[in-house]
Amino acid sequence: MTLQREPYQQGELDGYCGLYSLVNIVHVLCGPLTADEGSELLASLLSELERLGPIAEVVADGTDIPEINRLFRQVIIPQYGLSYWQPFYRVKQPSQAMIWQRIRRFLIRRRGLVLLGTEEHWTLIHRLSDSYVHFYDSSGFVRAKFSSFSLNEKPGKRYQLVPRAIYFITLKEAAHERL
């Protein structure tokens, strides 16, 4: 999929990487969103997180899988008609090759995005090339070599994959066949 919109950057809407990733999912798949619309969506996401407790506590360490799932269920799906699933949520110890193969197949067959949660950051994957993972990212990351990823914490590896924190996102009508 060729992307013609620039991702919102952290700081433009005053949020964090998980929240920006959700705003950018809507921006790409349902947009384009104006800055005002992006800010309104960010406010809705923050309001939903406030229901869990003081927002400073919820967001200080970033959003994790339970918060992302809640935001999908309570805000993104009802307001924007998107569908998501976590293809590795119940898979015990998937290999890196399996992860990249499933992501590649999804991106080729669907008009969708992959939300990738690593140990440190949430970002969106919109394309895989022969050597690179291509991001649509709120921090300005553009791409990374496959060799910079690992399933375990390893010296020299920039990104630690968390298979349970990988989401496939599509418009609802495109989600009928799961990979």
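The values are calculated or read from the model by the stated rules, or taken from the named source; none is laboratory data. Remember, it's a predicted structure, so these values are computed and weren't measured experimentally. Cβ coordinates were reconstructed from backbone atoms using ideal geometry, including for glycine residues, and neighbour counts include every protein chain displayed.
Would you mind stating whether residue 125 is among the β-branched types (Val, Ile, Thr) and touching a residue at least 60 places away in the same chain (Cβ under 8 Å)?
Here the answer is no, as residue 125 does not meet what is asked.
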>> If residue 72 meets every condition in (1) modelled with pLDDT of 95 or more; (2) more than 19 Å from residue 38 (Cα to Cα) apart from one, which number is that one?
In response: (2)
>> Show the residue pairs meeting these rules: Cβ distance below 8 Å; 6+ apart or different chains; first residue within region 86-105 and in the same structural domain as residue 164 (by TED's automatic domain parsing) and in a helix (DSSP H, G or I); second residue among the hydroxyl-bearing types (Ser, Thr, Tyr) and surrounded by 15 or more Cβ atoms within 10 Å (Cβ to Cβ).
In response: 96/150
> Does residue 120 meet the test of being farther than 29 Å from residue 30 by Cβ and surrounded by fewer than 19 Cβ atoms within 10 Å (Cβ to Cβ)?
Replying inline: no
>> Being surrounded by fewer than 18 Cβ atoms within 10 Å (Cβ to Cβ) and either closer than 20 Å to residue 148 by Cα or among the aromatic types (Phe, Trp, Tyr) (or both) is the filter here; which residues of region 81-114 pass it?
In response: 85, 89, 93, 94, 95, 96, 97, 98, 100, 101, 104
> Taking interchain pairs and intrachain pairs at least six residues apart, which have beta carbon atoms under 8 angstrom, with the first residue in region 1-29 and at pLDDT 70 or above and the second basic (Lys, Arg) and in a loop (DSSP other than H, G, I, E, B)?
Replying inline: 27/5; 28/5; 29/111
